[in-house]
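Step one of this worksheet: look at the structure below.
FYI, it's all coordinate maths here, none of it is from the lab. No experiment lies behind these values; they were computed from the predicted model shown. Here the Cβ is made from the backbone with ideal geometry for all residues, glycine too, and neighbour counts use every protein chain on show.
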2 protein chains.
Amino acid sequence: MLSKKTKYGLKALTYIARRGEDTPVQVGEIAKAEFIPQKFLESILLSLRKSGILGSKKGKHGGYYLRKEPSEILMTEVMRILEGPIAMVSCVSLNYYEPCDDCPDEALCSVNKLMIQVRDSTLNVFRNTTLADLSNGNQ
Amino acid sequence: MLSKKTKYGLKALTYIARRGEDTPVQVGEIAKAEFIPQKFLESILLSLRKSGILGSKKGKHGGYYLRKEPSEILMTEVMRILEGPIAMVSCVSLNYYEPCDDCPDEALCSVNKLMIQVRDSTLNVFRNTTLADLSNGNQ
DNA sequence: GTAATCCCTAGTAAATTGATAGGATTAATA
DNA sequence: TATTAATCCTATCAATTTACTAGGGATTAC
């Protein structure tokens, strides 16, 4: 299941991208528009800022803004920040590989074999989808 | 992340399929061979039996066996039993659809749009993979 | 009848999730 | 400079899920 954190994060990014203007967007505005608990959203946007997707401006009239064009923000990056590894088991993770302690031979492991395929097909979606794709009306 | 339940379940099914013989396999044998806590595995195999994937024989020399040929056991079925819905959000689930309570219009929802693509690509893998594929050495 | 096996229900510790609380810091503006 | 409005940061917490464990009942081979 997708965590609420990821769901809220994606909705917030889409909101900012759709808005389009170059003034920063406040957390409160997004929270109200997307029905997201404000304090929770605060922490989510903070992590997106720390990861370099968002920039922020403090103080009055502050808020968050995209640091790149929506068409340059890949879902691989966003999903890894919000949801963590894309692979369903660490032994097939590209970025966070760890062997299973109970598996004597990955080459013989049926779970490994299946999860590599799932990982690749999911990656294929995320690599070919940008925030611009999510924000636009088309497909 | 894939739950241990699913991981253990897949390993157990693969073990039974690879064994090939028509005598039932005991939980203890699988647990020992695959390093799975026996009592936990018991409950997993029980749920696979209740779902019709496995049959069982009680009493001495009892155990579990496949009710279909490995080539006829699709991953869609196995994963739904072990892991639950394949979709990452209920609003794109084919078998367990439920609308999100915070989403006024699915057609405009970026999460919905993205997760439909992920669901379809994952389904494509599971629909084209059988237990026989996991059990064989090839690919 | 005894041993070996599946069947079933409960319970439980640890981790994760989805928040909330409370305030420190920063910046615009009057 | 004082006020206000925003981000930033840490800590905490209840509910849920996960990954088991315990204990025994039911069934069957021998």
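Within a 10 angstrom radius of the beta carbon, how do B:Ser93, B:Ser110 rank from fewest other beta carbons to most?
B:Ser93, B:Ser110
Based on alpha-carbon centroids, what's the gap between the range B:7-21 and the range A:1-23 in Å, whole number please?
If you average the Cα positions of each part, the centres end up 42 Å apart.
Listing B:Arg18, B:Arg127 from the residue with the fewest other Cβ atoms within 10 Å to the one with the most, what is the order?
Going from least to most buried by this count: B:Arg127, B:Arg18.
Quick one: in chain B, whose Cβ comes closest to the B/A rotation axis, and how close in angstrom?
B:Ser121, 2
Checking the a/c ratio against 1.5 first, then a/b against b/c, what shape does the Cα gyration tensor give for the range A:4-66?
In terms of gyration-tensor shape, rounded.
First check a/c for the range A:37-89, with a ≥ b ≥ c the square roots of the eigenvalues of its C-alpha gyration tensor; if it is under 1.5, answer rounded, and if not, answer prolate when a/b is larger than b/c or oblate otherwise.
In terms of gyration-tensor shape, oblate.
Excluding same-chain residues fewer than 8 positions from A:Lys11, which aspartates and glutamates have a Cα within less than 15 Å of its Cα?
List returned: A:Glu29, A:Glu34, A:Glu42, A:Glu83, A:Asp133, B:Asp101, B:Asp102, B:Asp105, B:Glu106.
What residue among A:Pro99, A:Pro37, A:Pro70 shows peak mean-square fluctuation when chain A is described by a Gaussian network model with Cα springs under 10 Å?
It is A:Pro99.
Suppose R0 equals 35 Å; then what is the FRET efficiency for B:Leu108 and A:Lys57 from their Cβ-Cβ distance, rounded to the nearest 0.05?
About 0.80, to the nearest 0.05.
Which residues does the label zone of A:Thr23 cover in the range A:51-75, counting backbone N under 12 Å from a point 7 Å along Cα→Cβ?
A:61-63
Could you sort out which of B:Lys4/B:Lys58; A:Lys113/B:Lys5; A:Lys7/A:Lys32; A:Lys32/A:Lys60; A:Lys5/B:Lys4; B:Lys7/B:Lys50 sit more than 20 Å apart by Cα distance in this structure?
Correct reply: B:Lys4/B:Lys58; A:Lys5/B:Lys4.
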